[in-house]
Amino acid sequence: MDKLLFGDNQFFGINHMSEEKARAQAMRFQETDAILSVLGSAYDAGIRTFMCTTHDRIGEIVEAQKKDPKRWEGFTYYPCMPYAHKYANAVTEQGMVGALTGFMPDDGLLKTALTGTKALATKDVDGIARVLIDMEMKMFRGQNTPVVFIQNVFTDLLMGMGFHSAFRVFHDHIKEKYNAEPAYITMNMPMLLEVLEGQGIEKPIICSNINKIGFRMSGGFDAYLDALKSGRVRAVAMSVYASGAIPADEAIHWLSELPGVESLVFGASSRGNIEGTKALVDKYMGTS
Amino acid sequence: MSERLRIGVVGLGKMGLSHFAMVNPHPLTDTLACDQPGFITDVLSKNIAAPVVKGFDALMADEALQAVVIATPSKLHAPMVRTALERGLHVFCEKPFCLDWTDSVALADLAEEKGLVNRVGYHYRHVGAFAELKRIVDSGALGRITHVIAEAYGPVVLRSKRATWRTDKTEGGGCLYDYAAHPLNLLNWYFGTPKQVMGSDLGHVFSQETDDQVMSTMRFDNGPVAQLSVNWSDESHRKMSTKITIMGTKGRAYADRQECQVYLREEDENLPDYGKGWSVKYTTELTQDEWFYLRGEEYSAQIARFVEAAIAGKDEAQENTFRSAAETDRTMAMIIENAETGHPVGEAPTPVKPEPRKRGWLRR
């Protein structure tokens, strides 16, 4: 993994600080060209990996980038699936089985199984999960996706329910079908590490908040540091700036001294912020 | 007093699964999942370690059970909560509490009489920025509050579609119960039950059977007039967005999930951490981590406070009791009556007092 990964929250009106800023970003990035332009700045600054949600809009970005392979040579995607609000809103609207059915391919056997007798479906969570993963991965067909993440809401929902075997299904399917590294985003890193190890998943790639003020590091700051020091996790740090609460230089300097952190993911909308973060990462963490 | 809590989560729909996923990993709980036999109970019983109980009666038959989380469709809340209380269980119920507000009051009476911990899932009271707004209102630093706007918008119903219980008014569906209940509950927290409700409109956008938008004007004692504007057919919002704006003789305050913005005309000794002019506090400084994060600290916090109180076996005047949720149910009943009859519901509030009521700023 590269030291610095480019995130996509800023493109979809997600801002943990302010709803006004979030809306301003949503307005700015409603045109695909505006997103491509910022991705271009990241590329020109030497960033090659885009860690992105499997949002419909990302499909448009991938299509646009495919048309200009020279411009985007070496560009890599780390898909993060699924786009949770799509599912949550569908469940509110259609109920659990209705929503699930809605996301199945129209001609699929599983759709028939879900809408008809429940017998097959209940025994075949494994099969349903694989179909859903494939649906989410469709937009990246033919592209370089060496690492594939589960989004934190899904990771943490499955973990909270104790549905731990789902992680194994995801792990096996991503390795077998996509020849990629399965990875996990969570808000509860120390707890997840234990759960994954319980499924026989060793030294997993886990993306979680890691920041100097302990913002949204659920399970406790010290437990995070212990997990990192143990060498049992390949960590990707997010919310390194804690939504702007920590000055950039201080945040990255602090992070660079932690063991076990392989990468950090950040989102930015301006060339200046992108280049600034890249320079700090090069300075403190070494060029990748 | 026991050290662990045996607790059942009843109703495994969207909210129920979310609650279950937070109760289950709590270090001090032994958790059971419960729903009618069906797709979800089949899938879960094959895949998770926690016991999956098929049917509410079967759960009630569990002799060691100490507490329940009720997250069934709203019309089932009142009978299930009553059964659980009579069985001697501590109860956390998803919002809205009861569709008939007289049930809400009766159940609050019953829970208090039996000394059982009782909570309703109005998680916005656990959002740092809205709790901060409560502190600001109670400090009196805004002066006499005259003008309030309570809003909630989000993308739930964006086209005509088949019916579920959420779209059936008699089952507690619709934008009023699902969305407007939240800003209304915050208004109740800040100002109590409205004295008079007028100008209410429960409007359809895409739904046939129920409301997709809610508007209303509420007059409270001691001056505040609040306007409610809620719409769950608004695709421009990525998810539910709730905001409260409060204007008074000495300043203005605004809160949403992310931040609290305050304008004070003068410094106020009851609110020493805010100066003259604008101040902003962000979620990063208003938030405390809980043991587990799924979808926002507020969801974890309400479960944590309930579990802690149930283990302690006593209810110490905390937020979101049945009593406080009954106020919101009463307020929604006033809005429905007003929308149906076109006549103002309730009496005009007492005349405005010249001085704001002063309360200690530590009291929340």
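The values are calculated or read from the model by the stated rules, or taken from the named source; none is laboratory data. Since the structure is predicted, the reported quantities are computational estimates derived from the model, not experimental observations. Cβ atoms come from the backbone with ideal geometry, glycine included; neighbour counts cover every protein chain shown.
Which residues, counting only those in region B:16-30, are over 20 Å from B:K314 (Cα atoms) and facing another protein chain (nearest Cβ under 10 Å)?
B:L17, B:S18, B:H19, B:F20, B:A21, B:M22, B:N24, B:P25
Looking only at region B:83-106, decide whether some residue is out of contact with any Asp or Glu (no Cβ under 8 Å at 6 or more places or on another chain), β-branched (V, I, T), within 24 Å of B:D315 (Cα to Cα) and buried (at least 19 other Cβ atoms within 10 Å of the Cβ).
yes
Which of the strands (runs of 3 or more DSSP E) found entirely inside region A:1-104 contain at least 3 residues meeting this: hydrophobic (A, V, I, L, M, F, W, C), closer than 30 Å to A:A248 by Cβ and in contact (Cβ under 8 Å) with a residue 40 or more places away in the chain?
A:4-6, A:49-53
Scanning for something under 25 Å from A:L196 (Cα atoms), outside any helix (DSSP H, G or I) and in contact with a Gly (Cβ under 6 Å, 6 or more places away or on another chain), does region A:254-265 turn up at least one residue?
The answer is yes, given that some residue of region A:254-265 is under 25 Å from A:L196 (Cα atoms), outside any helix (DSSP H, G or I) and in contact with a Gly (Cβ under 6 Å, 6 or more places away or on another chain).
Within region A:9-31, how many residues turn out to be crowded, with 16+ Cβ neighbours inside 10 Å and either under 22 Å from B:Y282 (Cβ atoms) or away from chain B (no Cβ under 14 Å) (or both)?
Count: 16.
Out of curiosity, is B:D109 closer than 25 Å to B:L184 by Cα and modelled with pLDDT of 95 or more?
Considered against the rule, which asks whether it is closer than 25 Å to B:L184 by Cα and modelled with pLDDT of 95 or more, B:D109 comes out as yes.
Tell me, which strands (runs of 3 or more DSSP E) wholly within region B:84-158 include 3 or more residues that are more than 17 Å from the chain's Cα centre (by Cα) and touching a residue at least 12 places away in the same chain (Cβ under 8 Å)?
The qualifying strands (runs of 3 or more DSSP E) are B:145-153.
Could you identify the single residue in B:E327, B:E285 that is within 14 Å of another protein chain (Cβ to nearest Cβ), of a type in the set (D, E) and either within 30 Å of B:M215 (Cα to Cα) or surrounded by fewer than 18 Cβ atoms within 10 Å (Cβ to Cβ) (or both)?
B:E285
Name the residues in region A:241-285 that are of a type in the set (A, V, I, L, M, F, W, C), within 16 Å of A:L225 (Cα to Cα) and surrounded by fewer than 23 Cβ atoms within 10 Å (Cβ to Cβ), would you?
Selection gives A:W254, A:L255, A:L258, A:V261.
In region B:232-263, what residues are among the hydroxyl-bearing types (S, T, Y), more than 9 Å from chain A (Cβ to nearest Cβ) and touching a Gly at 6+ places or on another chain (Cβ under 7 Å)?
B:T249, B:Y263
Per-residue answers, yes or no, for (1) in a loop (DSSP other than H, G, I, E, B); (2) in contact with a strand residue (DSSP E or B) (Cβ under 8 Å, 6 or more places away or on another chain); (3) within 14 Å of another protein chain (Cβ to nearest Cβ); (4) surrounded by 18 or more Cβ atoms within 10 Å (Cβ to Cβ):
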site	(1), (2), (3), (4)
B:A226	no, yes, no, yes
B:S229	no, yes, no, no
B:V280	no, yes, yes, no
B:W291	yes, no, yes, yes
B:R295	yes, no, yes, yes
B:A304	no, no, yes, yes
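So B:M334 passes all but one of these: (1) in a helix (DSSP H, G or I); (2) of a type in the set (A, V, I, L, M, F, W, C); (3) at pLDDT below 95. Which condition number does it fail?
Result: B:M334 fails condition (3) only.
Against the conditions (1) out of contact with any Pro (no Cβ under 8 Å at 6 or more places or on another chain); (2) away from chain A (no Cβ under 14 Å), where does B:A49 fall short? Just the number, please.
(2)
Here is a list of conditions, (1) away from chain B (no Cβ under 14 Å); (2) in a loop (DSSP other than H, G, I, E, B); (3) under 21 Å from A:F11 (Cα atoms); (4) not acidic (D, E), and A:K278 meets all of them except one; can you say which number that is?
(2)
Which of the residues that make up region B:1-29 are over 10 Å from B:V307 (Cβ atoms), in contact with a Ser or Thr (Cβ under 9 Å, 6 or more places away or on another chain) and in a helix (DSSP H, G or I)?
Within region B:1-29, B:K14, B:G16, B:F20 meet the criteria.
Can you tell me which of A:M187, A:M159 is in a loop (DSSP other than H, G, I, E, B), modelled with pLDDT of 95 or more and either surrounded by 21 or more Cβ atoms within 10 Å (Cβ to Cβ) or in contact with an Asp or Glu (Cβ under 7 Å, 6 or more places away or on another chain) (or both)?
So the residue among A:M187, A:M159 that is in a loop (DSSP other than H, G, I, E, B), modelled with pLDDT of 95 or more and either surrounded by 21 or more Cβ atoms within 10 Å (Cβ to Cβ) or in contact with an Asp or Glu (Cβ under 7 Å, 6 or more places away or on another chain) (or both) is A:M187.
Could you list, in sequence order, the residues of region B:257-276 that are at pLDDT 95 or above, under 23 Å from B:Y124 (Cα atoms) and touching an Asp or Glu at 6+ places or on another chain (Cβ under 7 Å)?
The one that is at pLDDT 95 or above, under 23 Å from B:Y124 (Cα atoms) and touching an Asp or Glu at 6+ places or on another chain (Cβ under 7 Å): B:C260.
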